[in-house]
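No value in this document is a laboratory result; all are computed from the given coordinates. The structure presented is a predicted model; accordingly, all values stated were derived computationally and were not measured. Here the Cβ is made from the backbone with ideal geometry for all residues, glycine too, and neighbour counts use every protein chain on show.
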């Protein structure tokens, strides 16, 4: 078989593959170069932060009535606890535009906006700072844990003063 | 037997007053645009303008407004170029059409003066023309379509007829609901393109151009220019549905608001009643002491589901709420007319400012302060237009097809808004208000014209 058509076909296949990797033309959102994998464990989830215990089950805005101006997202479920005490760990990033810092706390709610979990910020996410110039720290990442193992979860950045902002939604 | 073919006899035997219409439109454009140059802008207008630099990013608002701004930018006229163009088109079209129904030139001139005077007498009309709201070019292209149609009928001109339908397509591409203005016009255009005996090719031209125009209008909201990239469609109805949920909840005593609307805050019935304002969703959800923070959201589909439930379970309350919005919309509220104008330019990236802020403020204040007078509200246009049209039809029976289809537009446009209006802003009914103003003046001109013998149906 002549080599020329094979080379041509290989070149076309490469071009098609690269074309498929392109971002949609209608999206101008900055690309965050981060891959996420899910780890499962039989271990129990870590205990929630002490500050969230009295809030569990309450309406999000009943506890945090003030609206903050943030950007961020709930990126992935990165850990599933599949032992006797099940649960999920969600990760993402957050940035408070007013305070110009990551919100100190993360609150997770269910679909009805009842508080079901919590976590902390300060984790390393250099990809976020690289993609969004307004984020001036490489530590805008967060992790939060909930006892839920299915359904939709909303993530909020929050602070003690009662300010909070919605970061995103993710399915467990 | 009804003889639609005689409708053409309502048209003046004189040539269309092209030069007079141009001079009149230029004077009206100068009077309206000079004080508010380059035109007030709200969020919608600013976004449409910014997209001339960034490319169309959203189909939440039909992108035709952006394309008109782009033409203005390319012409080096900035935002003011579009303000002048849309104002000129509006008054040019009105003058041309009035000149075509007036039997004498001086009667046409009186009609043009009366049409302009209605903008001062009903300040909700004037106030809207000061702002870069796409309701104005919608009305301009709608009226231009009407004027070109009448000119086409008088001259039996196929090019003018096609241009009329293209203009109607442009109006619909600016506002989807503009098709209601032509709900009865289009059937008459297809049936009797020249308002009298019409060749089949004229009918075919109307149908083909209309189908092509509507397809392009639809396509313009799917793919953007110039790269034809697809832009995701946005559900525009969620805002209306959310306002409806507040209204039905306030009326029925049942809380239909999905948890996402208050993000889990406990909401009492008293709080919903306090928050609910039928004039606008943003007034309803604005931050107020003692109320939870309400968010403008579709609740990931929950608002739509709750809306269906609310309308089905509490239909009388849904109607009561829509009535409340309609009352505000038409200027029937005892508090006056809502959002007559927007007396400012919201921040733009290129820091557009008013050329004459003092005059602009005076113009805006006139519109806002005088619009609430009981004799100056938009509803009067909707009452006077059918009354005068009826008298004109009695005097000149040949006028009934034309006046009836125009009245159909006057009624169908606000009727559609009755169920679909996301807010009670005066600008939403601007196109139909302008049409009513035109019908009023055209009817008056027919009444003022000396009665003449109607030509035979087949008279060219």
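Ellipsoid fit via the Cα gyration tensor, the range B:74-148: semi-axes of 24, 15, 10 Å, each the root of five times an eigenvalue, largest first.
Size descriptors for the range B:239-303: radius of gyration and Dmax over Cα atoms are 10.3, 29 Å. Angle of helix B:357-370 to the longest C-alpha principal axis of chain B, folded into 0 to 90 degrees and rounded to 10: 90°.
Across every pair of non-identical alpha carbons in the range B:1-130, the mean reciprocal distance, once inverted, gives a Kirkwood radius of 16.6 Å. Per residue of B:135-144, other chain Cβ atoms within 10 Å of the residue Cβ number 0 on average.
Relative contact order for chain B using alpha-carbon pairs under 8 Å, separation at least 6, rounded to a whole percent?
That works out to 25 percent.
Report, in degrees rounded to the nearest 10, the 0 to 90 angle that the Cα long axis of helix B:135-155 makes with the longest principal axis of chain B. Roughly 20 degrees, rounded to the nearest 10. For the range B:72-129, averaging the sequence separation of C-alpha pairs within contact (under 8 Å, six or more residues apart) and dividing by the residue count gives a relative contact order of 19 percent. This ranking places B:141, B:88 by how few other beta-carbon atoms lie within 10 Å of each, fewest first, which gives B:88, B:141.
Kirkwood radius for the protein assembly as shown, taken over all pairs of different Cα atoms as the inverse mean of 1/r, rounds to 27.9 Å. Partner shielding of A:149-158 amounts to 1, given as the average count of beta-carbon atoms from other chains within 10 Å of each residue beta-carbon. Note on chain B: along the principal axes its Cα atoms extend 73, 51, 45 Å, ordered by decreasing extent. Using just its DSSP H runs of length 4 or more, each adding -39500 (n - 2.57), chain B gives a mean residue ellipticity at 222 nm of -20000 deg cm²/dmol after division by all residues.
Paramagnetic label reach from residue B:120 (point 7 Å along Cα→Cβ; backbone nitrogen cut-off under 19 Å): within the range B:331-367, residues B:359-367. Roughly how tilted is helix B:315-329, in degrees to the nearest 10 and between 0 and 90, from the longest Cα axis of chain B? Orientation of helix B:315-329: about 60 degrees from the principal axis. Between the beta carbons of residue B:229 and residue B:369, assuming R0 = 35 Å, the FRET efficiency works out to 0.15 to the nearest 0.05.
Relative contact order of the range A:37-171: 29 percent, from C-alpha pairs under 8 Å at least 6 residues apart in sequence.
In the range B:178-221, Rg over Rh equals 1.03, where Rg is the alpha-carbon radius of gyration and Rh the Kirkwood radius from pairwise Cα distances. What fraction of the DSSP beta bridges in the protein assembly as shown is antiparallel, stated in percent and rounded to the nearest 5? Around 85 percent of the beta bridges assigned by DSSP in the protein assembly as shown are antiparallel ones.
Every Cα-Cα pair in the range B:96-186 was counted, and those over 24 Å apart are 28% of them.
Cβ crowding within 10 Å, taken as a proxy for footprinting-reagent exposure, orders B:263, B:296 from fewest neighbours to most as B:296, B:263. Seen from all directions on average, the range A:37-171 presents a Cα convex hull projection of 7.5 nm².
Each of B:32, B:107 was scored by other Cβ atoms within 10 Å of its Cβ. Arranged with the fewest first, they read B:107, B:32. At q = 0.11, 0.14, 0.21, 0.26 Å⁻¹, work out log10 I(q)/I(0) for the range B:384-456 with the Debye formula, treating every Cα as an identical point scatterer and leaving solvent out; two decimals please. Scattering profile of the range B:384-456, log10 relative to I(0): -0.32, -0.48, -0.84, -1.11. The spacing between the range B:189-226 and the range A:101-172, judged by their C-alpha centroids, is 53 Å. Across all Cα atoms of the range B:249-371, the radius of gyration (one decimal) and Dmax (whole number) stand at 18.3, 53 Å.
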